[in-house]
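Visitor: Have a look at this one before I ask anything.
Since every read-out is calculated from the coordinates, none of them should be taken as a lab result. Remember, predicted model here, so these are calculated numbers, not experimental data. Neighbour counts run over all protein chains shown; Cβ positions are idealised from the backbone, glycine included.
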Amino acid sequence: MKIVNWLDEHFEEVFLVVLSTIMVVVIFSQVFMRYVMQSSLSWSEELARYCFIWLVYIGISYGVKKQRHIKVDAFLLLFKEKGKLVFNIIANLLFLAFAIYVVIYGYTITERFLELGQKSPANQIPMGLIYLAAPFGMAITSIRLIQNLIKQIKTLFGKDDFTVKTELERLRED
């Protein structure tokens, strides 16, 4: 149970740190090789680009987990706490529908690329693994959205006092 809780808290963070570190090291190596050694690496930019793609999709999930994803909340200013909560629930349901669509459609595309066996030019990475970033990231995002929806629905119906207080305080901050 400790491992599951730890993963729930830090899953995205671990991937984001690892991918960011790889990107920084690879780009630094490329700059060093190009300007100091007068020779460039043929694979570095491609690897950094693919790490960035994965970083973006996992970052979406992290933003949802922290409830800091981009949204337009001018409309929410017209409502009190419960009204804001209802509209946040609706927004999360729409986002969840979109995320599930991306998972399904993205998996179909990924599967097709893996069947074709296409590989990246410099690193020979199967392109299906690159395209897997979208369905994987959106699957994690879907899980985080469901977690948020459960908290928000509990808050709406007053089932959990701690969640009610923290959720309403978060809405006041926004």
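Visitor: Output yes when any residue across segment 64-71 is out of contact with any Cys (no Cβ under 6 Å at 6 or more places or on another chain), within 22 Å of His10 (Cβ to Cβ) and outside any loop (DSSP other than H, G, I, E, B), and no when none is.
Guide: Yes, the conditions are met somewhere in segment 64-71.
Visitor: Can you give me the number of residues within segment 88-132 that are of a type outside the set (Val, Ile, Thr), part of a helix (DSSP H, G or I) and surrounded by 15 or more Cβ atoms within 10 Å (Cβ to Cβ)?
Guide: Total satisfying the criteria: 14.
Visitor: Select from segment 14-46 the residues that are under 17 Å from Ile143 (Cα atoms) and in contact with a Lys or Arg (Cβ under 9 Å, 6 or more places away or on another chain) and list them in ascending order.
Guide: Of everything in segment 14-46, nothing turns out to be under 17 Å from Ile143 (Cα atoms) and in contact with a Lys or Arg (Cβ under 9 Å, 6 or more places away or on another chain).
Visitor: Counting just the residues of segment 16-68 that are more than 21 Å from Leu132 (Cα to Cα) and in contact (Cβ under 8 Å) with a residue 60 or more places away in the chain, which one comes out surrounded by the fewest Cβ atoms within 10 Å (Cβ to Cβ)?
Guide: Across segment 16-68, the extreme among qualifying residues is Ser42.
Visitor: Residue by residue through segment 74-87, note down the ones that are in a loop (DSSP other than H, G, I, E, B) and surrounded by 13 or more Cβ atoms within 10 Å (Cβ to Cβ).
Guide: Matches in segment 74-87: Phe79 only.
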